[in-house]
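*Asks:* Let me give you the structure first, and then I'll get to my questions.
The values are calculated or read from the model by the stated rules, or taken from the named source; none is laboratory data. Because the structure is predicted, anything quoted here is derived from the model rather than measured. So basically every Cβ, Gly included, is an ideal-geometry build from the backbone, and we count neighbours across all protein chains shown.
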Amino acid sequence: MKVLEAQNSQLLDYFHEAPSPLASKPFPYHDGIFKTLLERLRPWDFTKAEILMIMNLRPTKPENLNTIVEEMEERFPGDDLQLQIVAVIAEVLGKPDGEAERQAMTHEAKEARKEQADKQDGMEVDE
């Protein structure tokens, strides 16, 4: 049971780190935010999976939206339409904190390099 509690705690900590929306202060979502998003995106006929990814990733540029939407160029031709969709998403969900995301990614990269260096040091000692 203690292992499960520790894992849950670690998972919650992870979800509260950037770039997760849960890390944003103040918290960007309120009770009606998802209903509002669905209503505002309804004209474009997104799939359920695309809506979920939009909620999780909060794309701020058409390039980001393109990674979420299948056949985006065919379904939503033209830069103006794509910018309009991204503007609706940003208006409803808010924009992620770019600086917090950069700091989190830099921190994670440093940790990964440190772990890699520690592994290499351990391998050299074994030889």
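*Asks:* State which residue pairs qualify: first residue over 19 Å from Tyr14 (Cβ atoms) and in a helix (DSSP H, G or I) and inside region 86-107, second residue of a type in the set (D, E, K, R) and at pLDDT 90 or above in any location, beta carbons under 6 Å apart, and separation of 6 or more residues or different chains.
*Replies:* As it stands, the answer is Val88/Arg40; Val92/Arg40, since those pairs meet every condition given.
So that you can scan it fast, the table gives a plain yes or no per residue for (1) under 22 Å from Pro96 (Cβ atoms); (2) assigned to a helix (DSSP H, G or I):
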site	(1), (2)
Arg42	no, yes
Phe46	yes, no
Ala49	yes, yes
Met55	yes, yes
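*Asks:* Let me ask another. Residue check: is Ile89 surrounded by 12 or more Cβ atoms within 10 Å (Cβ to Cβ), in contact with a Pro (Cβ under 7 Å, 6 or more places away or on another chain), at pLDDT 90 or above and of a type in the set (A, V, I, L, M)?
*Replies:* yes
*Asks:* Read through the list (1) within 18 Å of the chain's Cα centre (by Cα); (2) touching a residue at least 12 places away in the same chain (Cβ under 8 Å), then give the number of the only condition that Ala49 fails.
*Replies:* Among (1) within 18 Å of the chain's Cα centre (by Cα); (2) touching a residue at least 12 places away in the same chain (Cβ under 8 Å), the lone unmet condition for Ala49 is (2).
*Asks:* Out of Thr60, Thr106, Thr36, which single residue is of a type in the set (S, T, N, Q), out of contact with any helix residue (DSSP H, G or I) (no Cβ under 8 Å at 6 or more places or on another chain) and either surrounded by fewer than 11 Cβ atoms within 10 Å (Cβ to Cβ) or at pLDDT 70 or above (or both)?
*Replies:* Within the list Thr60, Thr106, Thr36, the selection yields Thr106.
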